[in-house]
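Some notes on the structure that comes next.
The values are calculated or read from the model by the stated rules, or taken from the named source; none is laboratory data. Remember, predicted model here, so these are calculated numbers, not experimental data. Here the Cβ is made from the backbone with ideal geometry for all residues, glycine too, and neighbour counts use every protein chain on show.
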Amino acid sequence: MNQDYIKPDNWSIIEEGFDANRVESSESLFSIGNGAMGQRANFEEHYSGPTFQGSYIAGVYYPDKTRVGWWKNGYPEYFAKVLNAPSWIGINVSVNGEQLDLYTCKLVENFKRELNMKEGWLSRRFKATLKNDIQIEVETKRFLSLDLDEVGAIHYQIKPINKDADIIFQPYLDSGITNKDTNWDDKFWDTLNVTHKNHQAFIQAKTMKTDFYTCTFMESKVFINGKSVLNQPNIQAGSNHVSFTYQHHVKKGESYAIQKYGGYTVDRNHDKNELVSVAKKVLKIATKKGFNQLLNDQKLAWAEIWNMSDITISGDVKAQQGIRFNIFQLNQTYLGRDSKLNIGPKGFTGEKYGGSTYWDTEAYCIPFYMATKDQKVARTLLEYRYNHLEKAIENAEKLGFKNGAALYPMVTMNGEESHNEWEITFEEIHRNGAIAFAIYNYHRYTGDYSYIPEKGLEVLIGIARFWYQRANFSTAKNKYVILGVTGPNEYENNVNNNWYTNYLAQWCINYTIENISKIEEEHASDFTRVMKKVKLTTLELAEWKAVADNMYFPFSGKHNIFLQQDGFLDKELITVADLDKSQRPINQKWSWDRILRSPYIKQADVLQGFYFFENHFTDKELERHFDFYEPFTVHESSLSPCVHSIQAAKLNRMEQAYTFYLRTSRLDLDDYNHEVHEGLHITSMAGTWMSIVEGFGGMRVKNNQLAFTPKIPKQWDSYSFKVNFRNSIIKVNVCRNDTKFELESETELQVLVNNKPVTIQPNDLVSI
């Protein structure tokens, strides 16, 4: 049974009623971030019940040493952990000596938590009866500033409602934190210095091993009935903790409030010796603006984001809420301001996956950022991989590859492989192909070819060299084969000739050769520079071409389909529909051995290839492969439903496409995979955007033109979205009877609608 406690709403995520059993789930769902830092929706006040504490700083990680046995040659030296950072949000609260703790209160009433996605803030309100029988009303609001991305702000207000009360606010900083995912209760932070002055406090700390230097800071002000109170705090400081105590006698019905400003300065952005002085400057700006002005700035910043990235849906509130939640979390996670950062599968919402970069970025996220931001943002994501090319070459060398062959890591924080599962680290090599595809996709969509001669070609050559060396000639098949791999379907390990992997390898080699020829003709200086660096010969190119031209692809004549891998038909082919529901999800019910022997597919594998290379195949071919593989797909990866939704829409199976859309858009809100307490599925959220824009909207790029084949689910009255295509912004509004196009540009644009050319004039409305 999926969860169903989030109230449907167009612009907000709302929880009503306090339930300790869902606190950890809500901590994930109500997470906030600003690209530079983020945090789970932990309570500011003390909470003694089950909770998953998490505050995270972008790019700050810990390399946990890998412990392996005899198979260690080439194995990653460490696996990355995203670190729970020193906490700045804490505000202990006591009323007449009784600590406020929702887990131990006699009664909690009118509890409401809201994540306002339109304006970018998180709030709570509730009425509580403490163990000493004092009744209080509490209202809180907090946000992480988009404009001042080192700062967060909290407004916390209490009103005693049945008697006068002595109320204490105790804002604090704490660097004595732990991670949920630790071995032997490891500590990851060294506290260097704890200082305070007036109403400000600072904790300087560094990470062990990686030596990221940080300063966690805070400043607070208190108010009675909205008026500032000059209240000198009692200050307590220890080796890794500092707190300020503000006590006030509050009359029945009066409001007592604290505004707390806090956050992080990090040596990724500043000199490590200047972190406190930078923090003071940041606090000066924040406190001068004040909470209300910062909040207004936040609303304006989010309005600008939504103006470009919003998708509207009329007639289906849950669908509307789902897509906005996905778009909101993507923008909270990554804004393209720092080329050293990327998009982790959990973003700032949990520790799972180490907060690291996966192939998800190239396969799923880049289309979203290309279409909803300036193209520079997508280019920055490509440059992230270019900057790690030498590390990718080193990674391949550890496995025995040579001559500049590059194997990009499955998981990384700094370009080094940091994944600690053998079958993924060494076998799931298709990630190389996704990185090459992203280069192609960027050029196809933006029309910006300059990236390829400047940087992309070196990446493509490294990847092509890897594929050439990774394939071997089979005398039995008289073809080149690729053995011992894992495809996108991770419920199959160490298989031979995964079709998707082989197809990507062939395409990558051919695409690289094509670009070498083009750059030689059109960008002579770049060609000379790159060839001198990589020492590529015509003989090597011919050897690559021989591999590409003679690649083996497993095929079933009986079914007239490409097989996921050699031997797939040897399995007992029982469809998901015929599988006992009590056995689902199989990754939580079955042994790994049983899963590997089953026909069940975790996520799109062959169909992932048909998604990437749709124009290589006919609709009939897509239909045959969809009809064969979809019935075996259990969708136990967050990345799965979106691909199936897009393809179902292309095949005009709108009910199926809609079902898959709901699953991907509300994967976390409804907790389909029963794991939301661990954090959100950030990278798959870009797939939700794709489900609407590429699925229902049918957006493609054909012959350098934007093309649409709009369709609409019967559950919707209309939907609309915007895309930035080569610096022209097109708004598409799909209704039941027609589709309207508007162009925000100075020059006209010709698009294809249902394969017919349509010219759109600037600031004009075209109805089809």
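A few remarks follow.
- Residue, nearest to residue 140 (Cα to Cα), within region 270-306, restricted to residues that are of a type in the set (S, T, N, Q) and free of Cβ contacts under 8 Å to residues at least 12 places away in the same chain: 292
- Residues in region 501-520 that are in contact with a Leu (Cβ under 9 Å, 6 or more places away or on another chain) and over 17 Å from residue 543 (Cα atoms): 519 alone.
- Residue satisfying all of: in region 184-232; of a type in the set (Gly, Ala, Ser) and out of contact with any His (no Cβ under 8 Å at 6 or more places or on another chain); nearest to residue 61 (Cα to Cα) among these: 205
- Of all positions in region 466-476, none carries a residue that is more than 23 Å from residue 502 (Cβ to Cβ) and of a type in the set (Ser, Thr, Tyr).
- Only one entry of 414, 395, 420 meets the criterion of being more than 30 Å from residue 729 (Cα to Cα), in a helix (DSSP H, G or I) and either polar (S, T, N, Q) or touching a Lys or Arg at 6+ places or on another chain (Cβ under 6 Å) (or both), and that entry is 395.
A quick yes/no check of all residues on (1) in contact (Cβ under 8 Å) with a residue 24 or more places away in the chain; (2) of a type in the set (Asp, Glu):
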{"position": "513", "(1), (2)": "yes, no"}
{"position": "523", "(1), (2)": "yes, no"}
{"position": "531", "(1), (2)": "no, no"}
{"position": "534", "(1), (2)": "yes, no"}
{"position": "547", "(1), (2)": "yes, no"}
{"position": "551", "(1), (2)": "yes, no"}
{"position": "558", "(1), (2)": "no, no"}
{"position": "570", "(1), (2)": "no, yes"}
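- Taken over region 621-673, residues that are in contact (Cβ under 8 Å) with a residue 60 or more places away in the chain, among the aromatic types (Phe, Trp, Tyr), part of a helix (DSSP H, G or I) and closer than 24 Å to residue 321 by Cα amount to 1.
- Strands (runs of 3 or more DSSP E) completely within region 51-125 that count 1 or more residues being without any contact (Cβ under 8 Å) to a residue 24 or more places away in the chain, over 19 Å from residue 157 (Cβ atoms) and not small (Gly, Ala, Ser): 61-65, 107-116
- Test for residue 107: is it modelled with pLDDT of 95 or more, of a type in the set (A, V, I, L, M, F, W, C) and surrounded by fewer than 20 Cβ atoms within 10 Å (Cβ to Cβ): yes
- Residues of region 128-180 that are more than 22 Å from residue 89 (Cβ to Cβ) and either basic (Lys, Arg) or part of a strand (DSSP E or B) (or both): 129, 131, 135, 160, 163, 165, 166.
- Inside region 218-246, residues that are out of contact with any Asp or Glu (no Cβ under 9 Å at 6 or more places or on another chain) and either closer than 20 Å to residue 174 by Cβ or charged (D, E, K, R) (or both) make up a count of 15.
- The lone criterion from (1) over 21 Å from residue 358 (Cβ atoms); (2) surrounded by fewer than 24 Cβ atoms within 10 Å (Cβ to Cβ); (3) not β-branched (Val, Ile, Thr) left unmet by residue 457 is number (2).
- Of the residues making up region 299-342, those that are modelled with pLDDT under 95 and surrounded by fewer than 24 Cβ atoms within 10 Å (Cβ to Cβ) are 335, 336, 337, 338, 339, 340, 341.
- Residue that is under 28 Å from residue 127 (Cβ atoms), of a type in the set (Gly, Ala, Ser) and outside any strand (DSSP E or B), where the choices are 253, 322: 253
- Looking only at region 410-442, and only at residues there that are without any contact (Cβ under 8 Å) to a residue 60 or more places away in the chain and buried (at least 21 other Cβ atoms within 10 Å of the Cβ), the one that is nearest to the chain's Cα centre (by Cα): 410
- Residue within region 18-26 that is in a helix (DSSP H, G or I), of a type in the set (Ser, Thr, Tyr) and modelled with pLDDT of 95 or more present: yes
- Residues that are outside any loop (DSSP other than H, G, I, E, B), closer than 21 Å to residue 706 by Cβ and of a type outside the set (S, T, N, Q) within region 423-451 comprise 437, 438, 439, 440, 442, 443, 444, 445, 451, listed in sequence order.
- Matching residues, region 683-703, being β-branched (Val, Ile, Thr), crowded, with 20+ Cβ neighbours inside 10 Å and out of contact with any Cys (no Cβ under 9 Å at 6 or more places or on another chain): 692, 693
- Identity of the residue in region 708-724, among the β-branched types (Val, Ile, Thr) and without any contact (Cβ under 8 Å) to a residue 60 or more places away in the chain, that ends up nearest to residue 371 (Cα to Cα): 709
- Residues of region 739-766 satisfying the condition of being surrounded by fewer than 12 Cβ atoms within 10 Å (Cβ to Cβ) and within 25 Å of residue 657 (Cα to Cα): 755, 756
- Any chance residue 367 is in contact with a Lys or Arg (Cβ under 9 Å, 6 or more places away or on another chain) and crowded, with 23+ Cβ neighbours inside 10 Å: no
- Going through (1) modelled with pLDDT of 95 or more; (2) within 21 Å of residue 320 (Cα to Cα); (3) of a type outside the set (S, T, N, Q) one by one, residue 706 falls short only on (2).
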